[in-house]
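The values are calculated or read from the model by the stated rules, or taken from the named source; none is laboratory data. These numbers come from a predicted model, not from an experiment. Note: ideal-geometry Cβ built from the backbone for every residue, glycine included; neighbour counts use all protein chains shown. Protein only, heavy atoms only, side chains kept; ligands, DNA and RNA dropped before computing areas. Shrake-Rupley method; radii C 1.70, N 1.55, O 1.52, S 1.80 Å.
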Amino acid sequence: MLRLGNPRRRINIGLIGMTFILSIFAGRLIQMQGLDSKVYEAAAAGQRLHKEVIPAKRGTITDAGGHALAVTVEAREVAIDPSKVPADVRPKVAAILARHLGKPEQEMTAKLARVDTRYQLLARDVDPVVADRLLKAGVPALTEKRTYRRLYPGGDLAGSLIGFVGDEGKGLGGIEAARNSLLAGRDGELRAETGRDGQRIPMTSSQRTAPVDGRDVRLTIDRDIQWAAQRTLAEQVEKSGASSGTVIVMDVRTAQILAMANAPELDLDNWRRSSPDLYINRAASDVFEPGSTNKVITAAAALEAGAVTPGTVFHVKDNIRCADRTLRDAHPHPPQAMTFQEAMAQSSNVATIMAARKIGDAKLYEMLRAFGFGSRPGGGVPGAGAGLLPDHKGWSGSQSCTVAYGQGVSVTALQMASVYQTIANGGVKVEPQLVAGTTDTGGRFVPAPPGKQTRVVSEKTAKEITTMLESAVSAQGTGELAAIPGYRVAGKTGTADRYDQQLGRYDGYTASFAGFSPADAPRLVVLSVLQNPKNGHFGGQVAAPVFKDVMTFAIKSRKIPPTGSAAPPARTRAGQ
């Protein structure tokens, strides 16, 4: 006889199993709705929460007169969701996008083919009018985002000095990088809850943090003088076959930089396609051996020590023995007597070495340091270098002689311009200034503090050197081509062997001229440097004419009248 199982036991087992499963569900429910409710609530909110950056408007960079050199204008980022563009209309859409955005049609086609993504950036820095026209063209799934773009009205005007801004809105060179935190401001943020389609969920809260716009920077650069310096320099670089060139114009009294030109110069409208070599402001960073423009420092050391006077007579051959080397003047000449003033006018290396020997290496080194060699000039010039000044204790026998006339020591153009500013300013060195001031948070202009002043040589020594430098620009000197009719000019030519770092040896020349005007009431300093000129290589040939043209434009632009006085007579060996 078949006996059936006890149904009560099966029911009890079933009830126990169901109770166990329900207790798991209940525990999980308690955990989710009770213990971990805040965690899941936050996770859900996080999925709905959309954060959008509200870009700050970057500050403007202007010249001393308030003319814009770098300005920010409103723009758009245009993007598309390729997954929502039907395959049969993609060719037509690609053609529309290419036409409006100025992009290759193949590029737009490739972006539309990315159906595995819901976001494809089509273009940055789009003009708002163009973006609005494109949105009305009927392109599906097209979106725009408000941004800003950087414009440079001057093109290559002071290009490497100003620098540029990358796609992420960060300064990548020059003033744009050096003053980035001040110019950039602080971005804001918008937080809102959105659905899967990206649309805001009605009745939900949102938070908006307003952006803080960047502040403006006003430079000491004079737009007109900068333009004239770049044009004159570029013409002479081409004419002389030089590899590059630099011009600096500086106010004598304040050491404010009115122009800092390079050739070739960086075109800020096309910086992405330019050589990285042009990103560097060579006027502040590149080092070179100054040659005879450095003789003013040797003269200053000798005059300050009382070892010589402008009328001290030297019996000068065209060569002199220094340790294991024989050093020569630029041109052969019979032994002759010449005053120290004549020696400076004729740029005699031999006479300069003879003067340096009267004071010794230590005092010459101290004077080089006092004029700023071997240290950064300060003043906020981006990328300003310190040059190379070996300690005098390590100078070789011949280097003790060559340093006196500017070989065996390296400087930047900014450092050398500062040397002549010091002489022109009565022996008082003023820290070079590039930034005239900035705006505060309220938009009010706040002038920059004046540059630090340091007396380097006495006023008497500065005046004596000025007189000697006037002789150098006379018919008896090497800088005659720098003379400006109606104005007194003091200056010095420089011609130095050029060290080529790529070749690892000396190759070619550095031609330079540094000076100031009016000589008896100095207002402006101009330094011109040409690297490796091929059609002539002496400073008096190729650099002095650049000085003349730039200085002539600058004194007219600044409305500086001639003093009407005559240059003092040169001190000759005959005592005249």
Expected output is a single nm value to one decimal: the length gained when fully extending between Asn319 and Leu22, i.e. 0.36 nm times separation in residues minus the C-alpha distance. What is it? 96.0 nm
Under 19 Å from the Ser375 label point (7 Å along Cα→beta-carbon), backbone N, region 447-468: 450-458
Taking 0.36 nm per residue of separation between Lys534 and Val129 and subtracting their Cα-Cα distance, the length gained on full extension comes to 140.8 nm
Summing Lys, Arg as +1 and Asp, Glu as -1, what charge do residues with Cβ under 13 Å from the Cβ of Ala544 carry, Ala544 excluded? 0
At 222 nm, what helix-only mean residue ellipticity would the chain give, in deg cm²/dmol to the nearest 500, using -39500 (n - 2.57) for each DSSP H run of four or more? -9500 deg cm²/dmol
Taking the Cα centroid of region 346-417 and of region 98-176, what is the distance between the two, rounded to the nearest whole Å? 50
Could you please state, rounded to a whole Å, how far the C-alpha centre of region 287-345 is from the C-alpha centre of region 485-530? 17
Give the cross-link partners of Lys111 among the lysines, using a straight C-alpha distance below 30 Å as the criterion and excluding same-chain residues fewer than 8 apart. Lys51, Lys57, Lys84, Lys92, Lys103, Lys136, Lys145, Lys170
Identify which of the listed values of Rg and Dmax of the Cα atoms in Å was calculated from the structure shown: (1) 35.4, 156; (2) 33.8, 118; (3) 23.5, 72. (1)
Could you look at the chain and say what percent of its accessible area is carbon and sulfur, using a 1.4 Å probe and all protein chains? 52
Order of exposure, largest accessible area first, which applies to Thr461, Thr312 with probe 1.4 Å: Thr312, Thr461
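Name the helices (complete DSSP H segments) of the chain with a Cα length along the long axis of 15 Å or more and a Kyte-Doolittle mean of at least 0.0, or state none.
The answer, listed by residue number, is 7-30, 90-101, 413-424, 544-557.
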Accessible area of Glu105, 1.4 Å probe, to the nearest 10 Å²? 90
Virtual spin-label span in nm between Gln476 and Lys460, 7 Å along Cα→Cβ: 2.3
What does the extension gain come out to for Glu238 and Gln501, with contour length at 0.36 nm per residue minus their alpha carbon separation? 92.4 nm
When ligands, DNA and RNA are left out and all protein chains stay put, how many square angstrom of accessible area per residue does the chain have with a 1.4 Å probe? 49
For Ser275 and His333, extending 7 Å from Cα along the Cα-Cβ vector and measuring point to point gives, in nm, a value of 3.9
